[in-house]
1. Rg and Dmax of the chain, Cα atoms, in Å?
2. Sort Thr19, Thr36 so that the residue with the fewest other Cβ atoms within 10 Å of its own Cβ comes first and the one with the most comes last.
3. Would you mind calculating the relative contact order of the chain from Cα pairs under 8 angstrom and at least 6 residues apart, reporting the percent as a whole number?
4. Could you state the angle between the C-alpha long axis of helix 60-69 and the longest principal axis of the C-alpha atoms of the chain, as a value from 0 to 90 degrees rounded to the nearest 10?
5. For helix 10-23, what angle does its Cα long axis make with the longest principal axis of the chain, in degrees from 0 to 90 and rounded to 10?
6. Nearest 5 is fine: what % of DSSP beta bridges in the chain come out antiparallel, could you say?
7. Sort Val67, Val31 so that the residue with the fewest other Cβ atoms within 10 Å of its own Cβ comes first and the one with the most comes last.
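Every number in this text was worked out from the coordinates using simple rules, so none of it is lab data. Everything quoted here is computed from the prediction, not taken from an experiment. Cβ atoms come from the backbone with ideal geometry, glycine included; neighbour counts cover every protein chain shown.
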Amino acid sequence: MRQLLVFAERDDAEEVAETLAEWFPLLGMPVVVRETLAGEDDAEDAQWLVVVEGLAEGHLAKVDALVEEREGWRESG
């Protein structure tokens, strides 16, 4: 299942992606992208997403704790 980890800051998203790649090397490197909304002109307010594929259900609590440390949240997609 795809998980979207949402952050306000690029640095937080990149650090979390690197940490997840270390914790779960078989998943590969998570993708960091800037969220864009249709018709939105002000990209400064756009959030940063870390897209992770294939996380096991048993790892979600650990991932949630990591994300919350950086004031982000997780959405299943």
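1. Considering the chain through its Cα atoms, Rg and Dmax are 12.3, 39 Å.
2. Taking fewest neighbouring Cβ atoms as first place, the list is Thr36, Thr19.
3. Working: 121 pairs, mean separation 37.1, N = 77.
This gives 48 percent for the chain.
4. 50
5. Computed tilt is about 20 degrees.
6. In the chain, DSSP labels about 100 percent of beta bridges as antiparallel.
7. Listed from fewest to most nearby Cβ atoms, that is Val31, Val67.
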